[in-house]
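Below is one structure; the comments refer to it alone.
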Amino acid sequence: MLQHPPAEPGMREEEIDTPALVLDLDAFEHNLDTMAALLAPTGTKLRAHAKTHKSAVVALAQMRRGAVGQCVQKVAEAEALAWGGVPDILVSNEVIAPRKLARLAALSSIAKVAVCVDDAAGIAAVEQAAEAAGIRMTTLVEIDIGGGRCGVEPGPPAVALAERIAASPHLIFGGLQAYHGSAQHRRTPEERHAAIAFAAEGTRRTVEQCRQRGLECAIVGGAGTGTFALEAASGVWTEIQAGSYAFMDADYGRNQDPPPFRHALFVLAQVMSAPRPGIAVVDAGHKAVAVDSGLPLVHGFPGTLYTGASDEHGTLKGEGLPRLGEKVRLIPGHCDPTVDRYDWYVGVRKGRVECLWPIAARGGMA
């Protein structure tokens, strides 16, 4: 059920009902502008990952700054973006269910859509859906470049799938999906550099072997907020799929030499209890903020830590705690699943609510 908005434009931030997902618009716009400026001299394009923000409003703001489109992980996310006016969407994931593929094919009437595969059975499933819809579906081969998740082995196995796609009258070979997810959160620059150097070697080799068979990789997509500068500088990747940069969560903030992005996304909570000295309890627990990548940070209260969560409670400890009834911004450890808990972004600038944006793809698991 769509929840009632927790605020109205013109309200002061301290009047927002809690818990609420607050977007600091100045920091958010800084992050979008910064990514555009960093990628411009490299010639690498941004296809921002909408699994982070799940919002056509955010997607279109990124595209106004030069992004070529969006990528998503689920067909439901693709639908929400396409219905919201986003014209170019890649499902950077495998889709095997016939009903989901039929839904994806149906979107081709209002947007350019593409999907990834990593085996022959997946190609056959996409081909069948495209034929039934009377379209040609752009299809990328996903290669495993070190993440150990989806993806076929680089080199000849990937080239064989590319040739199978190119030979189909119902498909268009779109290139390669080459994303190294686990490299994003390796803490030192040396670790991240080594991981992407390995990934670049396999990706470059596969691109060249495709070219030798007469197949051009129009898209070589991958990278994330933790490593995008390395992929952009490699000369191998053509599209960067960073998503979290727009918001910057606490986990990305723990990387050494972080890129110049600001924390823009917060869970606004209120102190609902202060039963003993040194403890304050806020109304934001597991149901309000994701803790899979660590507990949230407490913004603006030095010496105060968020030390534990239960379903509806978060415990703060330390010195200089917020008072009973006071509102406090929490920086999520992981922005993507935190966003998925909310129906609205509350856009705030200089202490006032400026806008409310629906999170249209919230809960889009199908």
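Does Val126 fit the bill of being farther than 24 Å from Glu208 by Cβ and either in a strand (DSSP E or B) or touching a residue at least 24 places away in the same chain (Cβ under 8 Å) (or both)?
Against the criterion (farther than 24 Å from Glu208 by Cβ and either in a strand (DSSP E or B) or touching a residue at least 24 places away in the same chain (Cβ under 8 Å) (or both)), Val126 qualifies.
Give the residue, chosen from Pro169, Pro154, that is touching a residue at least 12 places away in the same chain (Cβ under 8 Å) and crowded, with 20+ Cβ neighbours inside 10 Å.
One residue alone meets the criteria, Pro154.
Give the range 57-90 a look and list any residue that's over 13 Å from the mean Cα position of the chain (by Cα), of a type outside the set (A, V, I, L, M, F, W, C) and more than 19 Å from Thr138 (Cβ to Cβ), or say none.
Of everything in the range 57-90, those that are over 13 Å from the mean Cα position of the chain (by Cα), of a type outside the set (A, V, I, L, M, F, W, C) and more than 19 Å from Thr138 (Cβ to Cβ) turn out to be Arg64, Arg65, Gly66, Gly84, Gly85.
Quick check on the range 322-341: of everything there that is among the acidic types (Asp, Glu) and part of a loop (DSSP other than H, G, I, E, B), which residue is farthest from the chain's Cα centre (by Cα)?
Glu326
Just give me the residues in the range 171-221 being touching an Asp or Glu at 6+ places or on another chain (Cβ under 6 Å) and within 15 Å of Cys116 (Cα to Cα), in sequence order.
Scanning the range 171-221 gives Leu171, Gln177, Ile219, Gly221.
Out of Ala183, Ala162, Ala158, which single residue is in a helix (DSSP H, G or I), modelled with pLDDT under 95 and over 13 Å from Val236 (Cα atoms)?
Ala183
Conditions: (1) crowded, with 24+ Cβ neighbours inside 10 Å; (2) touching a Cys at 6+ places or on another chain (Cβ under 9 Å); (3) of a type outside the set (Lys, Arg). Cys210 meets all but one. Number of the miss?
All conditions pass for Cys210, except number (1).
With respect to Ala200, determine if the residue is over 23 Å from Ala246 (Cβ atoms), part of a helix (DSSP H, G or I) and either modelled with pLDDT of 95 or more or under 27 Å from the mean Cα position of the chain (by Cα) (or both).
So Ala200 passes the test.
When you check Gly175 against the structure, is it surrounded by 14 or more Cβ atoms within 10 Å (Cβ to Cβ) and part of a strand (DSSP E or B), yes or no?
Considered against the rule, which asks whether it is surrounded by 14 or more Cβ atoms within 10 Å (Cβ to Cβ) and part of a strand (DSSP E or B), Gly175 comes out as yes.
Test of understanding: among Gly235, Gly243, Gly226, which residue is under 30 Å from Ala199 (Cα atoms), surrounded by fewer than 16 Cβ atoms within 10 Å (Cβ to Cβ) and either in the same structural domain as His53 (by TED's automatic domain parsing) or modelled with pLDDT of 95 or more (or both)?
None of the others qualify; the one that does is Gly235.
Does the range 286-305 hold any residues that are among the aliphatic types (A, V, I, L, M), farther than 17 Å from Val22 by Cβ and in a loop (DSSP other than H, G, I, E, B), and which are they?
Answer for the range 286-305, where residues must be among the aliphatic types (A, V, I, L, M), farther than 17 Å from Val22 by Cβ and in a loop (DSSP other than H, G, I, E, B): Val291, Leu295.
Looking at the structure I just gave you, is Gly146 outside any strand (DSSP E or B), at positive phi and touching a Gly at 6+ places or on another chain (Cβ under 9 Å)?
yes
Of all residues in the range 249-285, which are part of a loop (DSSP other than H, G, I, E, B), surrounded by fewer than 14 Cβ atoms within 10 Å (Cβ to Cβ) and touching a strand residue (DSSP E or B) at 6+ places or on another chain (Cβ under 8 Å)? First the steps, then the outcome.
Taking the range 249-285 as the starting set, the residues that turn out to be part of a loop (DSSP other than H, G, I, E, B) are 249, 254-264, 274-278, 283-285.
Now narrow it down to the ones that are surrounded by fewer than 14 Cβ atoms within 10 Å (Cβ to Cβ): 256-258, 260, 275-278.
Of everything in the range 249-285, those that are part of a loop (DSSP other than H, G, I, E, B), surrounded by fewer than 14 Cβ atoms within 10 Å (Cβ to Cβ) and touching a strand residue (DSSP E or B) at 6+ places or on another chain (Cβ under 8 Å) turn out to be Pro275, Gly278.
Out of all the residues in the range 342-366, which are touching a strand residue (DSSP E or B) at 6+ places or on another chain (Cβ under 9 Å), in a loop (DSSP other than H, G, I, E, B) and over 23 Å from Ala80 (Cβ atoms)?
Answer for the range 342-366, where residues must be touching a strand residue (DSSP E or B) at 6+ places or on another chain (Cβ under 9 Å), in a loop (DSSP other than H, G, I, E, B) and over 23 Å from Ala80 (Cβ atoms): just Gly351.
So Ala284 passes all but one of these: (1) farther than 23 Å from Tyr245 by Cα; (2) without any contact (Cβ under 8 Å) to a residue 60 or more places away in the chain. Which condition number does it fail?
It is condition (2) that Ala284 fails.
The values are calculated or read from the model by the stated rules, or taken from the named source; none is laboratory data. Values in this document were obtained by computation on a predicted structure and should not be read as measured data. When we count neighbours, we look across all protein chains shown, and the Cβ atoms used for this are built from the backbone with ideal geometry, even at glycine.
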